[in-house]
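One structure below.
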Amino acid sequence: MGLFPMGGEHFRLIASNPLSKASKGAEPSLDELQRIYDQRSHIPARFHDLAWSSWFRINSRMVSRLKVGRLLLGGDAAHIHSPAGAQGMNTGIQDMINVSWKLAMVMNGQAPPSILDTYEADRLSVMRGVLFRTDTLTNVIGTENPIVRTLINHLGPFIGGAELVQENATAGMSQVVLNYRNSSLSENHTHGGAIRAGDRVPDMPVRLRSDGNWKETTLLSALDASHLTLVAAVPDGTTLPSSLKACVPESRFVEIAADAKDAARFETTFGKAGAAVLVRPDGYAGLTSPISSAADHLAAYRRKWFSASAADARS
Ligand SMILES: Cc1cc2nc3c(=O)[nH]c(=O)nc-3n(C[C@H](O)[C@H](O)[C@H](O)COP(=O)(O)OP(=O)(O)OC[C@H]3O[C@@H](n4cnc5c(N)ncnc54)[C@H](O)[C@@H]3O)c2cc1C
């Protein structure tokens, strides 16, 4: 049994249930949940005002293809697993975020249909990872082995509460650290920074050039999920090559510099000499390059994936 605080006086209770069999059409009652709780917890508590309850069966399986012809699969239709780790809905939402901008661009004549194949290339390995981790977690927390059980009950809260574990678990479970580095859509040209094609663009305070002036903002708020954005991250005093600015329409070009609040992170991410990053509508880096060679790389990349760039420029 697991009890999860949901804010206010609300809790979510999830438990395996040997007390009764799931009956068709009838949800578990408050009394039933109370009996399960009393059986398994030494902390006295009384539940009231049941908001929702349901039986569920744990499945663990996924499809091997996400795109067959004109059929695209995502969400629970593509992968289903234990709720341990709370990953199912989040994974499904990320599936749709990954595919929907590609679909929109194909439908608007801004990208070739072959870009839809990268949906499967991006997401299948993510789904495999989610299944593996949720299976492992389910086996660990559901173990009947008394020694492992005792260890989990007594050491689990300390290990789980450690700052390092919390930070890693938060980054992993919120799915912000997953990347598409191996995707064919990711084109990496080595520059001095840590960000690579396929990485999610990290948020950080930056200065944004706007009408010739610099204003403070954050990187993610300078992006627009409705189109590709070319980000030129430049060290102070650098003049950008005019060929780079001419690569994309002005509204899709963003020039940023380090903000004093987190200048070290800016340099780690984009390197001492800066970098150019073509950011996909879903917030992942499609292409990364040194500033000096970015215009050429970008032109070839756009020819390959966004061949109808003229239509893109018009919209
Ligand atoms: C106990 C439990 C706890 C969970 N907790 C979390 C959590 O904390 N975090 C998290 O991220 N995920 C969680 N999940 C997983 C999450 O609920 C699912 O991953 C998510 O709801 C899947 O969404 P979906 O839209 O892909 O599919 P569904 O929610 O299954 O939606 C599919 C819809 O299609 C409808 N439908 C089916 N067939 C047809 C048809 N022929 N015609 C028309 N409509 C049809 C269905 O009725 C349904 O409404 C949990 C799951 C369970 C069981």
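What about ASP236, is it of a type in the set (Asp, Glu), over 24 Å from SER100 (Cβ atoms) and modelled with pLDDT under 90? It is true that ASP236 is of a type in the set (Asp, Glu), over 24 Å from SER100 (Cβ atoms) and modelled with pLDDT under 90. Within the set TYR180, TYR119, the sole residue that is touching a Leu at 6+ places or on another chain (Cβ under 7 Å) and touching a residue at least 24 places away in the same chain (Cβ under 8 Å) turns out to be TYR119. The criterion of being under 30 Å from ARG123 (Cα atoms) and either within 16 Å of the ligand (Cβ to nearest atom) or assigned by TED's automatic domain parsing to the domain that holds THR138 (or both) does not hold for SER16.
Restricting the first member to the range 81-95 and to residues that are more than 11 Å from THR138 (Cβ to Cβ), and the second to residues that are within 8 Å of the ligand (Cβ to nearest atom) and in a loop (DSSP other than H, G, I, E, B), the beta-carbon pairs closer than 6 Å and six or more apart or on different chains are ASP95/GLY74. Test each condition in (1) surrounded by fewer than 21 Cβ atoms within 10 Å (Cβ to Cβ); (2) under 17 Å from ALA111 (Cα atoms) for ARG200 and report the one that comes out false. It is condition (2) that ARG200 fails. Against the numbered list (1) within 17 Å of the chain's Cα centre (by Cα); (2) loosely packed, with under 13 Cβ neighbours inside 10 Å; (3) acidic (Asp, Glu), ASP122 comes up short only at (2).
When the helices (runs of 4 or more DSSP H) confined to the range 69-162 are screened for residues that are out of contact with any Gly (no Cβ under 6 Å at 6 or more places or on another chain) and within 16 Å of the ligand (Cβ to nearest atom), those reaching at least 1 such residues are found at 88-107, 117-141. Which residues, taken from the range 236-254, are farther than 22 Å from GLY198 by Cβ and touching a helix residue (DSSP H, G or I) at 6+ places or on another chain (Cβ under 8 Å)? Those that are farther than 22 Å from GLY198 by Cβ and touching a helix residue (DSSP H, G or I) at 6+ places or on another chain (Cβ under 8 Å): PRO241, SER243, ALA246, PRO249.
The single condition from (1) surrounded by 15 or more Cβ atoms within 10 Å (Cβ to Cβ); (2) more than 10 Å from the ligand (Cβ to nearest atom) that ASP49 fails is (1).
Screening ALA276, ALA285, ALA257 for residues that are of a type in the set (A, V, I, L, M), more than 30 Å from ARG123 (Cβ to Cβ), touching a residue at least 24 places away in the same chain (Cβ under 8 Å) and part of a strand (DSSP E or B) leaves exactly one candidate, ALA257.
Within the range 133-175, being touching a strand residue (DSSP E or B) at 6+ places or on another chain (Cβ under 9 Å) and more than 24 Å from SER60 (Cβ to Cβ) holds for no residue.
The values are calculated or read from the model by the stated rules, or taken from the named source; none is laboratory data. Bear in mind that the values here come from a model prediction, so they are computed numbers and not experimental data. Neighbour counts are summed over all protein chains in view; Cβ atoms, including those assigned to glycine, are modelled from backbone coordinates with ideal geometry.
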